[in-house]
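Participant: Pasting a structure here, questions to come.
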Amino acid sequence: MSLLERLGRGHLSDREFARLWTTAGGHPHLEACATCRARFEEFDRWVLGIGDELRVDADAAFPIERMAAQQAQITRRLEAMEHPARVLAFPKAARAVISGHSHVRRWVTVAAAAGLIAGVGLGQVLDIHRTVERTARVSAPVSQLAVTTAARANAAVTSAVLTSEDDFLSDADAFSRPRVSSALLPLEDMTPHARDLVDRSR
Amino acid sequence: MSGTSAALTAAREADAIAARTVKTLQAEGKHADARERFAELVGRHQRRASRIAYHYLRETADADEAVQDAFVKAYSHLFTFREELPFDVWFTRILINGCLDRIKARTRRERWLVPMGRVAGAPTDGTSADRDLTERLASAGASPEAALLSRERRQQIAAALARLPERQRAVFVLSHVEGCTSREVSALTGLNESTVRVHLFRAIRKLRTLLASDRAAVPHAELKGKRRVTS
């Protein structure tokens, strides 16, 4: 029966059936119309059928064996509640040798740090001292050279003697000659010097 | 009907006595006896509890755990049980709250994880349903074809039920699967009695629509399948 036909004849809709079913009420049309009464009976069977199907579905998911296992599990859990699980202490971690004496460790740390600082400081002081000495040693010949050069220049001017470049080179060579260690002396002797050339030309 | 209600009253009286006894034994420190007495209550309500949990959670293992939790909680909080309220109502409320908590937790979990087996239109518990199918077919007295049709029908109903809003589903399950009255459903869910009836009405209407559309969709799907085969 189509919806239009149903409406035209004033038959009850599924919505009305659901309302009647829920409230367990009556309807005057239901008493009068055999078609609607039959449809309502079919609707009633359908609703009850759904409940039955759902019950069967749930019961199939929980067979008797499963129910027995569930009950046993519940009993076990209830028993366990009365004997709460004993908490086992976690095994103690192995301790470092001096971990028990924190003040000792602290002293060792402080002494090591102090030693380190003292070492670094002393190193710096010694280094500065050495640098000063070296500077002093290098600057002494340079000042001597300056004094000598000035004296000679004065003398040259006063005596009006020609100052040759050879003399200057010779002096410079003599003063700028590096201090050579004893091991290098033979090589030093073998090396020709400007002063030798000057002497030879004279 | 009067026979049923008389049986229900007798069962409730027995529950009340058992609960009272367990409470007394717990207070006296006779825990073994209390457990033994409580096992009677478990046996009486276990099946019903499993059905309710199953319809809420749609997963056997989850429902199993929810039932266990509810019984354990009921035992440990039995001192809060007021005897003017039926035990089954008090216990079912614990169970439903537990199921709702599990649903919330599952929803949170599923926000991050998508189960492998979940596909559109498939039942939620497809794996266990498939596993159970062979057992059911083997054990059922009906022919395999009838069993398969019946199983499909149940799956359709379960899928339609799963599509109902939470409250409508709860009201429908409690009143139609467990046969609770509107007043009992009201006590169990905390809803007003008239609200319970409204939810029930809407649930029936929606189920009717959903299942009618499923019936209409089946021939269409079959036709599509045939076309695919022939082409």
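Participant: Just wondering, is there one or more residues in segment B:15-28 that are among the hydrophobic types (A, V, I, L, M, F, W, C), under 30 Å from B:ALA159 (Cβ atoms) and out of contact with any Phe, Trp or Tyr (no Cβ under 6 Å at 6 or more places or on another chain)?
Facilitator: Going through segment B:15-28, the residues among the hydrophobic types (A, V, I, L, M, F, W, C) turn out to be B:16-19, B:22, B:25, B:27.
If we keep only those that are under 30 Å from B:ALA159 (Cβ atoms) as well, we get none.
No, there is no match, as no residue in segment B:15-28 is among the hydrophobic types (A, V, I, L, M, F, W, C), under 30 Å from B:ALA159 (Cβ atoms) and out of contact with any Phe, Trp or Tyr (no Cβ under 6 Å at 6 or more places or on another chain).
Participant: Which one of these is within 13 Å of chain A (Cβ to nearest Cβ) and either hydroxyl-bearing (Ser, Thr, Tyr) or closer than 18 Å to A:ALA60 by Cα (or both): B:ASP62, B:ASP33?
Facilitator: Unique residue meeting the criteria: B:ASP62.
Participant: All but one of (1) surrounded by 10 or more Cβ atoms within 10 Å (Cβ to Cβ); (2) over 60 Å from the mean Cα position of the chain (by Cα); (3) at pLDDT 75 or above hold for A:ARG195, so report the exception by its number.
Facilitator: (3)
Participant: Moving on. For residues that are modelled with pLDDT of 85 or more and within 9 Å of chain A (Cβ to nearest Cβ), scanning just segment B:158-181, find the one that is farthest from B:CYS99 (Cα to Cα).
Facilitator: The selected residue is B:ALA160.
Participant: Hey, any hits in segment A:96-105 for a residue that's modelled with pLDDT under 85, more than 30 Å from B:ASP33 (Cα to Cα), among the small types (Gly, Ala, Ser) and assigned to a helix (DSSP H, G or I)?
Facilitator: Yes, segment A:96-105 contains at least one residue that is modelled with pLDDT under 85, more than 30 Å from B:ASP33 (Cα to Cα), among the small types (Gly, Ala, Ser) and assigned to a helix (DSSP H, G or I).
Participant: Only residues that are under 21 Å from B:GLU152 (Cα atoms) and either open to solvent by 40 Å² or more (accessible area, probe 1.4 Å) or not in a helix (DSSP H, G or I) (or both): list them for segment A:43-72, please.
Facilitator: Those that are under 21 Å from B:GLU152 (Cα atoms) and either open to solvent by 40 Å² or more (accessible area, probe 1.4 Å) or not in a helix (DSSP H, G or I) (or both): A:ARG45, A:LEU48, A:ASP52, A:GLU53, A:ARG55, A:VAL56, A:ASP59, A:PHE62, A:PRO63.
Participant: Can you find a residue that is more than 22 Å from A:ASP57 (Cβ to Cβ), touching a helix residue (DSSP H, G or I) at 6+ places or on another chain (Cβ under 8 Å), open to solvent by 50 Å² or more (accessible area, probe 1.4 Å) and modelled with pLDDT of 75 or more anywhere in segment B:142-157?
Facilitator: no
Residues checked against (1) within 11 Å of another protein chain (Cβ to nearest Cβ); (2) touching a strand residue (DSSP E or B) at 6+ places or on another chain (Cβ under 7 Å); (3) open to solvent by 50 Å² or more (accessible area, probe 1.4 Å):
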position	(1), (2), (3)
B:GLU13	no, no, yes
B:VAL22	yes, no, no
B:LEU25	no, no, no
B:VAL42	yes, no, no
B:ARG51	yes, no, no
B:HIS55	yes, no, no
B:ARG58	yes, no, no
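Participant: Right, next: When you look at A:HIS83, is it under 21 Å from B:VAL22 (Cβ atoms), at pLDDT below 85 and more than 7 Å from chain B (Cβ to nearest Cβ), yes or no?
Facilitator: Details: under 21 Å from B:VAL22 (Cβ atoms): yes; at pLDDT below 85: yes; more than 7 Å from chain B (Cβ to nearest Cβ): yes.
Yes.
Participant: How many of the residues making up segment B:25-64 are part of a helix (DSSP H, G or I) and either small (Gly, Ala, Ser) or out of contact with any helix residue (DSSP H, G or I) (no Cβ under 8 Å at 6 or more places or on another chain) (or both)?
Facilitator: Of the residues in segment B:25-64, the ones part of a helix (DSSP H, G or I) are B:25-28, B:31-57, B:60-64.
Filter once more, keeping what is either small (Gly, Ala, Ser) or out of contact with any helix residue (DSSP H, G or I) (no Cβ under 8 Å at 6 or more places or on another chain) (or both): B:27-28, B:32, B:34, B:36, B:39, B:43, B:49-50, B:53, B:61, B:63.
Within segment B:25-64, residues that are part of a helix (DSSP H, G or I) and either small (Gly, Ala, Ser) or out of contact with any helix residue (DSSP H, G or I) (no Cβ under 8 Å at 6 or more places or on another chain) (or both) number 12.
The values are calculated or read from the model by the stated rules, or taken from the named source; none is laboratory data. For clarity, every value in this text was computed on a predicted model and none was experimentally measured. Neighbour counts run over all protein chains shown; Cβ positions are idealised from the backbone, glycine included. Ligands, DNA and RNA are excluded from the accessible area calculation, which covers all protein heavy atoms including side chains. Shrake-Rupley method; radii C 1.70, N 1.55, O 1.52, S 1.80 Å.
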